[in-house]
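In what follows, a single structure is set out as structure tokens and then discussed.
The values are calculated or read from the model by the stated rules, or taken from the named source; none is laboratory data. In this text, all values refer to a predicted model and were calculated from it rather than measured experimentally. In this analysis, Cβ positions are derived from the backbone assuming ideal geometry, glycine residues included, and neighbour counts consider all displayed protein chains. For accessibility, only protein heavy atoms count, side chains too; no ligands or nucleic acids. Shrake-Rupley method; radii C 1.70, N 1.55, O 1.52, S 1.80 Å.
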Amino acid sequence: MIGESMYQELILEHYKHPQGRGLREPYDAEVHHVNPTCGDEITLRVKVGDAGKILDVSYDGQGCSISQAAASVLHELATGSTVEESLSVVDEFTRLMQGRGQVEADEEVLGDAVAFAGVAKFPARVKCALLSWMAYKDAVVRSAP
Amino acid sequence: MTSTSFDVEKIRKDFPIFSRELPDGRPLVYLDSGNSSQKPELVIETMREHLALHYSNVGRAMHVLGAESTEAYEGARDKIAGFVGAPSRDEVIFTKNASEALNLVAYAFGNPINTDPRFTLGPGDEIVISEMEHHSNIVPWQLLSQRTGATLKWFGVTDDGRLDLSADVITERTKIVSVAHQSNVLGTVNPVAELARRAHEAGALIMLDASQSVPHHPVNVAELGADFVAFTGHKMVGPSGIGVLWGRTELLDAMPPFLGGGEMIEAVWMDHSTYAPVPHKFEAGTPPIVEAIGLGAAVDYLTGIGMDAVEAHERELTAYALEALRDLPSLRIIGPETLEGRGGTVAFTLEGIHPHDVGQILDDQFGVAVRVGHHCARPLHLRFGIPATTRASFYLYNTTGEIDALVRGLHHVQKVFA
């Protein structure tokens with residue numbers, strides 16, 4: 001059924017066992033984003049090292065399984081990559097989410113984040129998936145010296 | 001069932017929407033009437049027929065259609081006045097919804113063109129609301145407080161979802177008290193007589209947001225003891241776009257107009273105007289004609305069933321739901337857990353599962369439509385330390401079988417997130 005395709009096992013796993021959750025020091029930028037329609041919120045920090053390497057993405061927040069799992073997947077994908085690489089993943093993820101379920105996901109780029117493909121069919125939930133990813137993009141921009 | 005005369009299966013046949021299925025052949029289980037109710041054939045057909053055969057503008061057209069439209073529109077006012085026991089039909093003012101009715105009254109206070117002492121408002125004066133209000137009974141009063149410098153105060157809510165009447169929130173400085181008759185989240189029915197007594201003893205006026213009570217209980221505005229009552233059509237099997245303000249004539253007469261425009265005047269000069277008597281003083285511009293007529297038909301429909309029977313049926317459903325939901329150990333009801341002083345709206349949380357996930361799975365897999373979120377009552381949710389709840393709300397067309405479907409769905413939700 002439709003719902004089953006949205007609540008992929010991988011999403012539920014990340015929701016139940018979030019990776020990298022909790023705000024940590026040191027960080028270069030901290031942002032707070034909210035989704036006013038449902039009250040989901042996230043505080044997110046990034047620490048960028050030499051050559052644009054993302055040393056840490058830490059976060060805390062509250063919300064539905066989709067928003068919380070998306071933050072966990074983001075943490076895994078971004079940490080250890082570079083600013084440039086991670087932003088291209090954000091762009092691809094955004095394209096997938098805004099594609100109304102008509103966009104073929106690039107698994108090479110997205111990795112585990114392809115699990116969210118089913119969410120794109122539910123316009124009301126797309127913002128949930130994008131909340132932490134938009135916060136990350138914002139934080140990276142703000143962290144630039 | 002409730003009585004031999006109340007046949008829910010027969011009632012369901014009056015509502016065309018219950019003959020449809022959702023995609024993938026799921027049955028529709030509509031438990032979101034607190035949000036908006038479904039419409040019976042009588043309302044749909046009355047509106048269609050008026051548009052098809054009688055439509056014209058009201059009050060001003062000097063021809064047959066104008067007369068027919070005016071008669072139907074004013075006839076709807078008579079029906080609604082009768083339905084809520086208004087002492088005079090002229091006390092029934094059509095608005096576009098309950099929010100507009102609440103704003104209309106809020107704008108009568110602290111208005112420089114109104115010198116009636118009951119409506120003057122300034123620094124040191126008080127407006128009293130409650131923590132369980134819908135945003136539409138909070139924001140208009142916040143705005144009034146900002147415009148005038150008056151102090152906004154509120155009754156708190158107890159842990160079991162009752163108005164906390166232990167504090168003396170209403171004082172001699174209070175000018176207006178505005179509270180929900182029935183909470184749109186908790187289902188709590190507030191003690192209006194006691195509140196009205198306190199307000200009037202303090203020399204204040206009292207308004208009720210009756211959006212969640214008029215559709216579900218026999219309500220008699222004259223017996224309630226309130227000064228103003230607001231409710232909306234779309235929650236009482238009528239159309240959207242039409243709401244009602246009832247107010248005592250002497251107060252409505254003392255209030256300034258809210259919106260200016262056509263049909264609310266007596267005479268207009270370039271530099272000033274005089275105004276029509278109530279209710280027209282408050283009905284500027286072409287009103288929602290067909291919507292008002294549709295609401296009249298809704299009132300006919302509900303009267304035909306009998307509001308006592310509607311109330312009794314919902315009470316039975318609520319008792320059944322409160323019992324059935326106990327089957328889920330991690331479910332916490334936000335609001336009264338007993339039938340006493342409550343209506344057919346049950347809000348709850350499931351431990352560790354966000355309401356948006358609950359609502360999504362109930363809808364996608366079981367066709368169960370509930371509302372999830374803060375239900376336009378964010379301060380109430382903050383009071384309980386939660387961001388959101390899942391809310392099931394019942395109406396005359398719901399069945400115990402639908403509550404069983406809800407409980408089955410909730411068990412599945414728990415399994416998904418176990």
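Here is how the numbers come out for the structure above:
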read-out: Column: log10 I(q)/I(0), Debye, Cα scatterers of the protein assembly as shown, q = 0.05, 0.07 Å⁻¹; value: -0.26, -0.50
read-out: Percent of alpha-carbon pairs separated by more than 27 Å within chain B; value: 53 percent
read-out: On Cα atoms only, tilt of B:139-148 relative to the major axis of chain B in degrees; value: 40 degrees
read-out: Cα centroid of the range A:45-70 to Cα centroid of the range B:1-77, whole Å; value: 51 Å
read-out: Value of relative contact order over the range B:214-347, rounded to a whole percent, pairs C-alpha under 8 Å and six or more apart; value: 22 percent
read-out: Sequence ranges A:128-139, B:333-344, ranked by mean other-Cβ count within 10 angstrom, highest first; value: A:128-139, B:333-344
read-out: Label-point separation in nm, B:ALA312 to B:ALA267, each point 7 Å along Cα→Cβ; value: 5.7 nm
read-out: Additional length obtainable on full extension of the chain from B:THR158 to B:ARG378, 0.36 nm per residue less Cα span; value: 77.6 nm
read-out: Separation in nanometres of the label points that stand 7 Å from Cα toward Cβ, at B:MET62 and A:LYS53; value: 8.9 nm
read-out: Binned Cα-Cα distances of the range B:1-155, short to long, each 5 Å bin given as a whole percent; value: 2, 7, 9, 11, 13, 13, 13, 12, 10, 6, 3, 1, 0
read-out: Helix A:65-78 vs. chain A, principal-axis angle (Cα, 0 to 90°, nearest 10); value: 40 degrees
read-out: Protection proxy ranking, peptides B:370-382, B:154-166, B:398-410, average beta carbon neighbours within 10 Å, highest first; value: B:370-382, B:398-410, B:154-166
read-out: Between helix B:355-366 and chain B: long-axis angle, C-alpha atoms, 0 to 90°, nearest 10; value: 70 degrees
read-out: Gaussian network model of chain A, springs between alpha carbon atoms under 10 Å - residue of A:GLU108, A:GLU92, A:GLU13 with greatest fluctuation; value: A:GLU108
read-out: A versus B: buried accessible surface, summed, Å² (probe 1.4 Å, to nearest 100); value: 1400 Å²
read-out: Antiparallel content of DSSP bridges confined to the protein assembly as shown, in %, to 5; value: 70 percent
read-out: Under the Karplus curve 6.51 cos²θ - 1.76 cosθ + 1.60, θ = phi - 60°, whole-Hz ³J(HN,Hα) for the range B:223-232, x wherever Gly or Pro sits; value: 7, 5, x, 8, 9, 9, 9, 10, 8, 10
read-out: Partner chain coverage, peptide B:347-355 - average Cβ within 10 angstrom; value: 2
read-out: Peptide B:382-393, shielding by other chains (average Cβ, 10 Å cutoff); value: 1
read-out: P(r), alpha carbons of the range B:136-223 - 5 Å bins starting at zero, rounded %; value: 3, 13, 23, 26, 20, 12, 3, 0
read-out: Stokes-Einstein diffusion coefficient of the range A:2-143, Kirkwood radius over Cα pairs, 10 °C, 1.306 mPa s, in µm²/s; value: 107 µm²/s
read-out: Within a Gaussian network of chain B (alpha carbon springs, distance under 10 Å), most fluctuating of B:ALA204, B:ALA319, B:ALA86; value: B:ALA319
read-out: GNM flexibility winner over chain B from B:PHE18, B:PHE94, B:PHE228 (Cα, springs under 10 Å); value: B:PHE18
read-out: Cβ neighbours within 10 Å from other chains - mean over A:124-137; value: 1
